[in-house]
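Below: one structure, written as structure tokens.
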Amino acid sequence: MWQGYYIAITLSFFVLEHLSAKCYNKRLMKLKINLQTLNRLTIIYAALPLLIFLFGWLKPYIAIISCCLLIYAVYAGYFKNFKYSNLLDNRKIFWLMIAAAFLWCWLAGLGGFWYQSDDHHYRNAIFRDLINYVWPVYYKTADASMVYYIGYWLPSALLAKIFANYSDYFSFFIGNIFLLLYSIFGVFLVFCHLIKAVKAKSFYKILTALIIFIFFSGMDAVGASYPVFYDASRTFKTLHLEWWSCFVGQYSSMTTVLFWVFNQGIPAWLMTVMFYNNRKDIKNFGLAAILCFFLAPMPFVGLSVFMFAYVIRNFFLEYKRKNISLYFRKIFSVQNIFSVFFITPIIFLYFTSNGSVQGTENISGIPNIYLKFYIIMFVWFFLLEAGINLLFIYGQYKATVLYYVCFAVLLICPLIKIGGGADFCMRGSIPALVLLCIMITKFLFRKYNCKYRKVCYSFLILCLFLGSVTPAIEFIRGIKDVVEHKEIFRTADYIKTLEGKVGYDENGNLMNANFATDFTDKNFFKYLAKPKE
């Protein structure tokens, strides 16, 4: 059944590309995106959740000081020389990106208006508690408080609180509408940054860039069809292809990220593409990094590696130009100092108070299986997920820092285990995969006379096509579920609330510690947070 859906989806995109190339001439569809306006919208979108968190969680005098520092950092970095400009100059492109963002978010189940993946059970419970409980969220049945990367839900939860006097169902429904709209706007900003990054101006290239991003993935279909040493065919039966490489880790496709961890994925994409478009300007790195840290802590680690690499690169460039004083003025800008030295400790204390934080197991990703088997599996995984793509674009990017850092990050991510799971591999790799997608798209948009480059071009198209099977199956899972149950609103919401789910077992261990903590002995709740009422 799913094969037929996949073929239909693939053919529809080919037809859409063909029609767009005929219906829109190049003169009509030229596009200009104002990067300054785009950066301002992006920083407001990313800073708003942190601002709400500081006001909602901290003691009044600490909240006022920290919020003032954050607002001034945003002002100094992006609004000091304010001048209004339109974001883009083509309404048809604008509505194309809005429509693509809406359709993608809707099919991902955001807002609960379509099939939702299993992870939404807990995410919906977190969102409902943020709407119904006083901030900070303290649970009555245990001396526990919610501690999670909750930032992405806060703007929608705040608006939904206006309707808290009505039924819980109504306020949650309204909150989901706001969440869907907030997500659509975030993905739209990602698309704008993406179009700017790959320098796509014609309708055909813009549409192609969006399709590549939405369907970008490693070649999981190959790994699941032709596994090394073990049968991975069950991944086709469960319609979740990435788990074919469970021994090593997982690199999630863009669509998989949106379906399962949208609250980390969208802000991680946004801060990564923003970094790429402003990678030569380090004066706002600190502010961008701390916003990513708050919204998506694991992707922040991956993004920080790229930022650090460009800090070093820019140092040597300015040293050669004898502009060291200018370099240090940029790196120690007001926004960087305020963000790193004043806001970071607050977020760090909050996250480290989480009940499941027990340290990181570095380079202990090799499980208790035969070493040679793991090495072969690791090489097979890396080649299919990123290595082959990196090989084909080597000729164009061999002189860039971005290429080698991307290679290193994607090579090392599977070796890092946090809490004994593959979460870091799946989430810490998001920035590197976004940047790899950008490099591949730019490679495909260039014209080549060299025979070797044409061969690479053809093989990259094949790799992208094989990779597109993974996100296509994510879409198909939702379609299949809706068809089988004959119901469109397939909300994953059986948990409802973490009240009662967060508590202590007979051994005194905190249950669901991934989402909460015993706040009584945590420094964040002792000195910074509002007390329990």
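The residues of the chain expose on average 45 square angstrom of accessible surface per residue, using a 1.4 Å probe on protein heavy atoms.
Run through all the Cα pairs of the chain and give the fraction in each 20 Å bin from 0, expressed as whole percent. Per 20 Å bin, starting at zero, the Cα-Cα P(r) for the chain comes out as 21, 57, 22, 1 percent.
Across the range 405-411, rounded Karplus estimates of 3J(HN,Hα) from the backbone phi angles (6.51 cos²θ - 1.76 cosθ + 1.60, θ = phi - 60°) give 5, 4, 4, 5, 5, 5, 6 Hz, Gly and Pro being marked x.
Please give the FRET efficiency for residue 496 paired with residue 177, using the beta carbon to beta carbon distance and R0 = 22 Å, rounded to the nearest 0.05. Don't skip to the answer; put the middle values down first.
Working: r = 19 Å, r/R0 = 0.86.
Here the calculated transfer efficiency is 0.70.
When only alpha carbons are used to place a centre, the range 56-100 and the range 256-303 end up 15 Å from one another. At a Förster radius of 25 Å, what calculated FRET efficiency corresponds to the Cβ-Cβ distance of residue 167 and residue 143, to the nearest 0.05? The value I calculate is 0.30.
Where the accessible area of the chain is counted over protein heavy atoms with a 1.4 Å probe, how much of it, in %, is carbon and sulfur? The partial results should precede the final answer.
Details: 15500 of 23770 Å².
Looking at the chain in its full context, I get 65 percent from C and S.
Full-extension gain between residue 316 and residue 99, please, as 0.36 nm times their residue separation minus the C-alpha to C-alpha distance.
Values: separation 217, 0.36 × 217 = 78.12 nm, distance 4.35 nm.
Result: 73.8 nm gained on full extension.
The modelled label-to-label distance between residue 81 and residue 106, using points 7 Å beyond Cα along the C-beta direction, is 4.2 nm.
Applying a DSSP loop filter and a limit of 10 other Cβ atoms within 10 Å to the trypsin sites (Lys or Arg not before Pro) in the range 257-293 leaves 280.
Loop-only check: which trypsin sites (Lys or Arg not before Pro) in the range 63-93 are DSSP coil with at most 16 other Cβ within 10 angstrom? The partial results should precede the final answer.
Numbers: sites: 80, 83, 91, 92; in loops: 80, 83.
Loop-located and lightly packed - 80, 83.
Placing pseudo-labels 7 Å out from each Cα toward the beta carbon at residue 30 and residue 134 gives an inter-label distance of 6.0 nm. Quick one: if the Förster radius is 51 Å, what FRET efficiency do residue 199 and residue 337 give, using the C-beta to C-beta distance and rounding to 0.05? Result of the calculation: an efficiency of 0.95.
Legend: distances between Cα atoms for 161/486; 330/532; 283/322; 320/398; 161/480; pairs beyond 30 Å are 161/486; 330/532; 161/480.
For residue 532 and residue 325, calculate 0.36 nm times their separation in residues minus their Cα-Cα distance, and state this gained length in nm to one decimal.
On the way: separation 207, 0.36 × 207 = 74.52 nm, distance 4.84 nm.
The span from residue 532 to residue 325 would gain 69.7 nm if fully extended.
Which loop trypsin sites (Lys or Arg not before Pro) in the range 372-460, with loop taken from DSSP, have no more than 16 other Cβ atoms within 10 angstrom of their Cβ?
Details: sites: 372, 398, 417, 427, 442, 446, 447, 451, 453, 454; in loops: 398, 446, 447.
Within the range 372-460, the qualifying trypsin sites (Lys or Arg not before Pro) (loop, at most 16 other Cβ atoms within 10 Å) are 398, 446, 447.
Report the net charge of residues surrounding residue 470, where surrounding means a beta-carbon distance below 14 angstrom and charges are Lys +1, Arg +1, Asp -1, Glu -1. Summing Lys/Arg as +1 and Asp/Glu as -1 gives -3.
The values are calculated or read from the model by the stated rules, or taken from the named source; none is laboratory data. Since this is a predicted model, take the numbers as computed values, not measurements. Neighbour counts run over all protein chains shown; Cβ positions are idealised from the backbone, glycine included. Each accessible area value is taken on the protein alone, full model and side chains, heavy atoms only, with ligands, DNA and RNA left out. Shrake-Rupley method; radii C 1.70, N 1.55, O 1.52, S 1.80 Å.
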